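Report on the following structure.
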Amino acid sequence: MLYIKCPWCGERDETEYHYGGEAHIVRPENPDELTDAEWAEYVFMRTNTKGVHRERWVHSDGCRRWFNVARNTVTNEIVSVYKTGEKPDLPEAATTKPAQVKKAPAKKAVAKKAPAKKKEGA
Amino acid sequence: MSRFSIFSLARNAMSWHQNWPRQWRSPDPKPEYDVVIIGAGGHGLATAYYLAKEHGITNVAVIEKGWLGGGNTGRNTTIVRSNYLWDESGLFYENAMKLWENLSQELNYNVMFSQRGVMNLAHNLGDVRESIRRVNANNLNGIDAEWLNAEQVKEFCPIINISKDSRYPVMGATLQRRGGTARHDAVAWGYARGADDMGVDVIQNCEVQGLMIGNGTVKGVRTSLGDIKAKKVAMACAGHTSVVADMAGIRLPIESHPLQALVSEPMKPVIDCVVMSNAVHVYVSQSDKGELVMGAGIDAYVGYSQRGSLHVIEDQLASAMELFPLFSRTRMMRSWGGIVDTCPDASPIVGKTPVKNLYVNAGWGTGGFKATPGAGWCYAHTIAKDEPHDLNAPFSIDRFITGALVDEHGAAGVAH
């Protein structure tokens with residue numbers, strides 16, 4: 001069971017909340033001009049992060065307000081809780097501390113190269 | 001490979017069963033393969049098996065970061081059925097069911113496939129209508145399905161509570177008699193043994209750390225045991241598909257969630273079928289050891305931790321208690337979690353990717369086990385021909401762009 005600290009009500013059990021999926025997905029400003037692929041990106045595609053994941057929660061059995069949580073999806077450690085509309089930088093320790101996450105930078109280095117190469121082919 | 005038979009059993013009994021050969025090798029990776037499959041679970045191993053068997057491609061490696069069958073293959077509740085609503089899914093899973101029915105003979109390995117019947121309960125008028133619709137759709141596709149009323153449900157599974165005083169009374173159920181359970185580990189072991197015999201290398205403790213890609217074509221994989229070149233690379237890594245796909249810069253509509261299951265202490269046989277309920281949210285069967293095997297829905301949040309929250313288990317046991325009051329004094333022995341890769345339309349993705357010669361088999365969500373032989377069979381065809389089989393063509397990534405979703409949420413998305 002997660003303990004989540006609502007920005008308004010304080011720390012409560014996970015059962016008081018509902019999950020709202022990945023945070024900071026912005027609705028396109030120009031819906032008329034979007035291609036099908038761009039719509040698919042907005043509606044369906046998700047980062048599904050292994051590591052620190054920014055996500056939305058709503059305190060449905062409490063103040064019923066939405067807010068954001070940065071949570072490590074491997075350890076379930078909650079790194080940061082912040083209000084809707086904000087997007088603070090995460091403390092560096094949070095993204096490098098646990099052994100599982102330590103591997104991430106190596107993977108990311110490869111991942112960063114890959115898209116560039118992919119573009120050549122695509 | 002030493003074949004299992006009554007004669008080999010008798011022969012080995014003479015030497016106190018001390019001289020059985022190993023069932024598969026543990027080779028070091030070669031520098032290059034025709035096909036590298038990422039993930040030695042049921043799907044990956046089945047794919048390797050059918051690549052060798054059906055398409056004659058034997059220069060294949062199946063690489064696995066943990067141990068063989070140690071992911072969702074060894075963590076699911078082993079239910080097999082094919083009574084899906086839509087034609088695309090129905091035909092796909094029915095092909096898998098036909099492979100299941102002959103799998104022990106095919107592999108010369110007892111996968112303990114037991115067609116004990118799977119009931120999906122209906123608890124309200126909406127459920128009843130939807131269930132009867134699904135029975136009719138199944139029958140039109142040549143899939144066996146029956147509608148049972150509450151009394152018939154009680155007759156088929158005598159310990160179930162059909163009292164009208166229940167909060168969610170049982171109003172009937174669909175029944176697929178050909179559905180049932182199988183021994184999940186044996187499926188992975190049987191495919192590994194069969195594939196190994198045809199020359200496939202199954203390499204455990206070998207984690208993929210990157211993909212080698214040039215000119216939009218995959219050239220190989222970087223692993224914890226060094227670089228391995230490959231003409232084709234196929235992902236079969238379930239909950240970690242997004243992580244591997246990210247190495248190729250591919251975005252997927254997949255989210256990984258913990259899914260929990262649990263077993264009770266062993267007890268005498270009380271339930272000889274599989275009972276599933278979407279509405280009260282639990283599914284139950286009894287293993288040959290006598291343990292009740294139960295599962296339910298996913299934890300709501302994205303997670304890679306292979307464990308979930310306790311309240312999800314509490315809910316599912318409350319549901320089980322409502323359906324089976326006699327379970328009230330049963331002690332639960334252990335619970336665990338697996339990481340399932342869910343798709344928005346509760347259907348899988350099996351096919352090509354934007355990167356040439358890189359293939360994806362993912363998004364099985366909570367119901368991948370039942371598809372194991374069929375998924376491997378279709379995926380092997382897709383890899384060998386560089387083109388999907390008719391059965392898996394509807395399950396491409398492109399459907400999220402074209403909008404041709406195979407929306408099984410209503411029919412199957414909750415309890416698989």
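The values are calculated or read from the model by the stated rules, or taken from the named source; none is laboratory data. For clarity, every value in this text was computed on a predicted model and none was experimentally measured. Glycine gets a Cβ as well: all are built from the backbone with ideal geometry, and neighbour counts include every protein chain shown. Heavy atoms of the whole protein, side chains included, go into the accessibility calculation; ligands, DNA and RNA do not. Shrake-Rupley method; radii C 1.70, N 1.55, O 1.52, S 1.80 Å.
Things to note:
- Filtered by the rule that a residue be facing another protein chain (nearest Cβ under 7 Å) and in contact (Cβ under 8 Å) with a residue 40 or more places away in the chain, region A:19-53 gives a lone residue, A:Lys50.
- Residues in region B:145-178 that are among the charged types (D, E, K, R) and crowded, with 18+ Cβ neighbours inside 10 Å: B:Arg178 only.
- Of all residues in region A:67-82 being open to solvent by 40 Å² or more (accessible area, probe 1.4 Å) and more than 9 Å from chain B (Cβ to nearest Cβ), the one that is farthest from B:Tyr304 (Cα to Cα): A:Val81
- Taking the criterion of being assigned to a helix (DSSP H, G or I) and in contact with a strand residue (DSSP E or B) (Cβ under 7 Å, 6 or more places away or on another chain), the only residue of region A:1-38 that qualifies is A:Glu14.
- For region A:5-18, a tally of residues being open to solvent by 80 Å² or more (accessible area, probe 1.4 Å) and within 11 Å of chain B (Cβ to nearest Cβ) returns 1.
- Taking the numbered list (1) assigned to a helix (DSSP H, G or I); (2) open to solvent by 30 Å² or more (accessible area, probe 1.4 Å); (3) within 11 Å of chain B (Cβ to nearest Cβ) in turn, A:Arg56 passes all entries but (1).
- Positions within region B:287-308 being open to solvent by less than 10 Å² (accessible area, probe 1.4 Å) and away from chain A (no Cβ under 13 Å), in sequence order: B:Gly290, B:Leu292, B:Met294, B:Gly295, B:Ala296
- Selection of region B:318-343 for residues being in contact with a helix residue (DSSP H, G or I) (Cβ under 8 Å, 6 or more places away or on another chain) and crowded, with 19+ Cβ neighbours inside 10 Å yields B:Ala320, B:Phe327, B:Gly338, B:Ile339, B:Val340, B:Asp341.
- Single condition B:Asn76 does not satisfy, out of (1) under 30 Å from B:Ser8 (Cα atoms); (2) open to solvent by 10 Å² or more (accessible area, probe 1.4 Å): (1)
- Any hit, region B:274-284, residues being within 14 Å of chain A (Cβ to nearest Cβ), part of a loop (DSSP other than H, G, I, E, B) and not aromatic (Phe, Trp, Tyr): no
- A:Arg64 vs. criteria open to solvent by 70 Å² or more (accessible area, probe 1.4 Å), out of contact with any Cys (no Cβ under 7 Å at 6 or more places or on another chain), away from chain B (no Cβ under 11 Å) and more than 18 Å from B:Ile401 (Cβ to Cβ): yes
- Members of region B:18-50 that are assigned to a strand (DSSP E or B) and either of a type in the set (A, V, I, L, M, F, W, C) or in contact with a Cys (Cβ under 7 Å, 6 or more places away or on another chain) (or both): B:Val35, B:Val36, B:Ile37, B:Ile38
- Count - residues of region B:201-218 that are within 7 Å of another protein chain (Cβ to nearest Cβ) and under 27 Å from the mean Cα position of the chain (by Cα): 3
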